[in-house]
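Enquirer: One structure coming up, written as structure tokens, with questions to follow.
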Amino acid sequence: MHPRRSLPAPRLQSLQSCLPAWTALLLALLGLPAPSIAQAPPIAALSADRVASYTPPRGVRMRQVAILSDGVRLHAEVFDPDSPVPASGWPTVIQAHGWGGTAAGFRQDGVALARAGYRVINFDYRGWGLSDGRLVLRSGAVREGERRWRAEVEELRGYVDPLEQVADWLNVLHWSASEAGVDASRIGLRGSSYSGGHVIAVAARDPRVKAVVSQVAGFRSDWVMGNAVTRHRSWNEAAARTRGELGYPEPRARVLGNLIGAPIYDKLAQYAPLVDAARLQNCATLFIVAEREELFSNDEHARLAFEAVRDARKKYSVIPGIDHYGVYRQGRETAITLAIDWFDQHLKGATP
């Protein structure tokens with residue numbers, strides 16, 4: 001449980017200055033007031049326990065930022081080359097880890113990409129790493145205004161909901177594309193393991209993504225509905241949560257093999273990056289797989305996703321001799337080199 005928190009009352013800001021001139025004129029002629037919206041309060045400074053203690057190597061700059069995703073503060077780390085920002089901004093790569101991973105695990109790759117001339121934005125999903133989690137009311141809730149409460153709340157942490165994680169990717173993309181120093185016409189995504197499917201889902205929904213690298217990724221969660229046992233478990237758990245009879249899993253629980261973080265099964269059932277792969281448009285996509293992948297079949301995941309992509313700018317690369325986790329160990333240099341070459345070709349226009 002968290003201590004009682006009080007949220008500042010929302011401030012109202014007139015939309016008059018935001019409306020197009022003709023709309024404002026029409027409202028004036030009709031004698032109607034301009035609508036008002038609530039302006040979000042400023043993002044609070046990062047608390048001491050949510051700040052990374054990390055200093056990048058020479059030649060690279062790093063700063064920590066907070067990004068709001070559906071009202072939840074995400075922790076992100078921005079890596080830049082230690083050189084003047086180009087007039088058009090840096091080509092930019094956004095990264096997040098897979099099932100149970102955090103941004104800290106991608107720092108070495110962030111440094112490599114920054115040294116190759118990219119701005120890199122690594123982030124933690126809500127409820128993971130140094131990001132805040134979603135808050136739910138638990139007890140003692142007292143309404144103090146139309147949008148203000150004082151209550152005891154619980155922070156939800158360390159579970160896996162792919163739909164929330166895809167939403168976090170999209171919100172980090174919104175933030176990145178509007179950030180000074182980013183060339184919004186040259187944005188790429190790089191995901192690994194579970195997030196290797198997320199980047200396909202995001203690119204299928206946002207045409208600002210021009211290049212994707214998906215490594216050792218799983219693309220199918222249809223096993224959740226594959227038999228009566230898992231199907232009814234998914235439905236029963238979802239129904240119990242709607243009635244307040246079941247809470248969220250304990251943080252970082254291990255219920256699927258050695259994976260860290262229990263899944264929200266009914267959300268997995270709605271997650272289909274394999275279907276999204278066919279929706280990619282104007283996006284160059286690299287699939288990197290481990291030759292000895294042991295968590296799933298490459299032929300039933302990355303190979304099918306690769307074949308579904310219609311854009312001719314696609315590639316399927318196999319790193320020989322490694323298993324799933326080898327991409328973070330003996331295969332890491334190969335994987336990051338493949339990624340940099342791909343981004344150079346499709347975000348910088350260079351020939352690797």
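The values are calculated or read from the model by the stated rules, or taken from the named source; none is laboratory data. What you see is a predicted model; the values in this text were computed from it and never measured. For neighbour counting, all protein chains shown are included, and Cβ atoms are generated from backbone atoms with ideal geometry for every residue, glycine included. Keep in mind that these areas ignore ligands, DNA and RNA; they rest on the heavy atoms of the full protein, side chains included. Shrake-Rupley method; radii C 1.70, N 1.55, O 1.52, S 1.80 Å.
Enquirer: Name the residue, out of Ser214, Ser193, Ser221, Ser139, that is under 30 Å from Asp323 (Cβ atoms) and modelled with pLDDT under 95.
Expert: Details: Ser214 fails: modelled with pLDDT under 95; Ser193 fails: modelled with pLDDT under 95; Ser139 fails: under 30 Å from Asp323 (Cβ atoms).
Every option except Ser221 fails the conditions.
Enquirer: In the range 151-176, what residues are open to solvent by less than 20 Å² (accessible area, probe 1.4 Å) and part of a helix (DSSP H, G or I)?
Expert: Within the range 151-176, Pro162, Gln165, Val166, Asp168, Trp169, Val172, Leu173, Ser176 meet the criteria.
Enquirer: Condition first: in contact with a Phe, Trp or Tyr (Cβ under 8 Å, 6 or more places away or on another chain), farther than 15 Å from Arg329 by Cβ and open to solvent by 20 Å² or more (accessible area, probe 1.4 Å). Now tell me which residues in the range 101-115 satisfy that.
Expert: Within the range 101-115, Thr102, Ala104, Arg107 qualify.
Enquirer: Then there's this: For the range 219-244, which positions are open to solvent by 70 Å² or more (accessible area, probe 1.4 Å) and among the aliphatic types (A, V, I, L, M)?
Expert: Across the range 219-244, the qualifying residue is only Val229.
Enquirer: Residues in the range 293-349 that are of a type outside the set (Phe, Trp, Tyr) and not in a helix (DSSP H, G or I): how many?
Expert: Final tally of qualifying residues: 23.
Enquirer: OK, next. Is it the case, given these coordinates, that Ser195 is in a helix (DSSP H, G or I) and touching a Gly at 6+ places or on another chain (Cβ under 6 Å)?
Expert: yes
Enquirer: Among the residues of the range 265-284, is any more than 30 Å from Ser234 (Cα to Cα) and of a type in the set (Lys, Arg)?
Expert: No, every residue in the range 265-284 fails to be more than 30 Å from Ser234 (Cα to Cα) and of a type in the set (Lys, Arg).
Enquirer: Follow-up. Report whether or not Ala302 is closer than 25 Å to Leu113 by Cα, touching a residue at least 40 places away in the same chain (Cβ under 8 Å) and touching a His at 6+ places or on another chain (Cβ under 7 Å).
Expert: So Ala302 does not fit the description; no.
Listed here are the residues, each with its yes/no results for (1) over 20 Å from Gly110 (Cβ atoms); (2) modelled with pLDDT of 95 or more; (3) basic (Lys, Arg).
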| residue | (1), (2), (3) |
| --- | --- |
| Glu293 | yes, yes, no |
| Phe296 | yes, yes, no |
| Ala305 | yes, yes, no |
| Ala312 | yes, yes, no |
| Lys315 | yes, yes, yes |
| Val318 | yes, yes, no |
| Glu333 | no, yes, no |
| Ala339 | no, yes, no |
| Trp342 | no, yes, no |
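Enquirer: Here is a further query. Which residue out of Asp299, Asp276, Asp222, Asp311 is acidic (Asp, Glu) and either closer than 21 Å to His97 by Cβ or in contact with a helix residue (DSSP H, G or I) (Cβ under 6 Å, 6 or more places away or on another chain) (or both)?
Expert: Step by step, each of Asp299, Asp276, Asp222, Asp311 is checked, and only Asp276 is acidic (Asp, Glu) and either closer than 21 Å to His97 by Cβ or in contact with a helix residue (DSSP H, G or I) (Cβ under 6 Å, 6 or more places away or on another chain) (or both).
Enquirer: Residue under question is Arg148, and the condition is that it be more than 15 Å from the chain's Cα centre (by Cα), buried (at least 16 other Cβ atoms within 10 Å of the Cβ) and over 16 Å from Ala66 (Cα atoms); does it hold?
Expert: Numbers: more than 15 Å from the chain's Cα centre (by Cα): yes; buried (at least 16 other Cβ atoms within 10 Å of the Cβ): no; over 16 Å from Ala66 (Cα atoms): yes.
Spelling it out, it is not the case that Arg148 is more than 15 Å from the chain's Cα centre (by Cα), buried (at least 16 other Cβ atoms within 10 Å of the Cβ) and over 16 Å from Ala66 (Cα atoms).
Enquirer: Given the structure, is Arg220 part of a loop (DSSP other than H, G, I, E, B), within 24 Å of the chain's Cα centre (by Cα), more than 25 Å from Leu130 (Cα to Cα) and not acidic (Asp, Glu)?
Expert: Yes; evaluated as a whole, the condition is true for this residue.
Enquirer: Specify the residue that is farthest from the chain's Cα centre (by Cα); the eligible residues are those in the range 117-131 that are over 17 Å from Ala262 (Cβ atoms), open to solvent by less than 30 Å² (accessible area, probe 1.4 Å) and not hydroxyl-bearing (Ser, Thr, Tyr).
Expert: The selected residue is Gly117.
Enquirer: Can you run down the residue pairs with Cβ atoms below 6 Å, 6 or more apart or on separate chains, where the first is in the range 244-264 and hydroxyl-bearing (Ser, Thr, Tyr) and the partner is buried (at least 16 other Cβ atoms within 10 Å of the Cβ)?
Expert: Qualifying pairs under 6 Å: Tyr248/Leu156; Tyr248/Tyr159.
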